[in-house]
Amino acid sequence: MSIHLHPRLTSHLRSGHVSRIIYGSIIGLALVLTLEAHPPTAMVVVGTLAATAVAVSLAELYSEIVGSRARVAVGGTREPWTTVAEAATAVAFGILFPSVFFLAVPLGLLDLDTAFSLAKWTGLGLIAGYGYVAGRLSGAGTSGALLQALSVALIAAVLIGLKALVH
């Protein structure tokens, strides 16, 4: 079974950045859920997401550099610097994505509660969407891909559900 994808989507899926974006999205979602318990201003949320994106990306870079040196020392190959930098950027993108909604608050386009809701549910949608596409590309039919999407979205849904129970 084959599915037709837009060339840009195909290129994105081939890049290997999907797992990094999902990883960043889960971090961003967890951070948004934590901040929502005692909501700061929208710009504090943006700053917190940005600081987290920088910290996690730097950790990603550092771990890849150390890992690369270790691989080379035992006869392996070094990962190209551009590949390492692109992976760190993909993680940062996943973490920073919810900032879009919080940047809309001071512009008067959204209120803070709506920004939190959109950040949570689009994070869940992104994770589920990637799960669905992965299922379809692995040969699953529509129902199998939906089941896979639902199972990976469960991670985000559990975070959202636990937060709702606690507050």
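Figures for the structure shown
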| item | result |
| --- | --- |
| Residue in the stretch 12-45 that is nearest to the chain's Cα centre (by Cα), counting only those that are surrounded by fewer than 12 Cβ atoms within 10 Å (Cβ to Cβ) and at pLDDT 75 or above | A37 |
| Residues of the stretch 46-64 classified as modelled with pLDDT under 95, surrounded by 14 or more Cβ atoms within 10 Å (Cβ to Cβ) and over 16 Å from the mean Cα position of the chain (by Cα), total | 2 |
| Pick from the stretch 88-107, criterion among the aromatic types (F, W, Y) and buried (at least 19 other Cβ atoms within 10 Å of the Cβ), ranking: nearest to the chain's Cα centre (by Cα) | F97 |
| Exclusive hit being surrounded by 14 or more Cβ atoms within 10 Å (Cβ to Cβ), of a type outside the set (D, E, K, R) and either outside any helix (DSSP H, G or I) or in contact with a Cys (Cβ under 6 Å, 6 or more places away or on another chain) (or both), set L124, L110 | L110 |
| Where I127 falls short, out of the listed (1) modelled with pLDDT of 90 or more; (2) of a type in the set (A, V, I, L, M); (3) out of contact with any Asp or Glu (no Cβ under 9 Å at 6 or more places or on another chain) | (1) |
| Yes/no for L9 being in a helix (DSSP H, G or I) and either modelled with pLDDT of 90 or more or surrounded by 14 or more Cβ atoms within 10 Å (Cβ to Cβ) (or both) | no |
| Exclusive hit being closer than 21 Å to L29 by Cα and in a helix (DSSP H, G or I), set A90, A85 | A90 |
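The values are calculated or read from the model by the stated rules, or taken from the named source; none is laboratory data. Please read these numbers as outputs of a predicted model, since none were measured by experiment. Because the Cβ atoms are built from the backbone with ideal geometry, glycine has one as well, and the counts that use them run over all protein chains shown.
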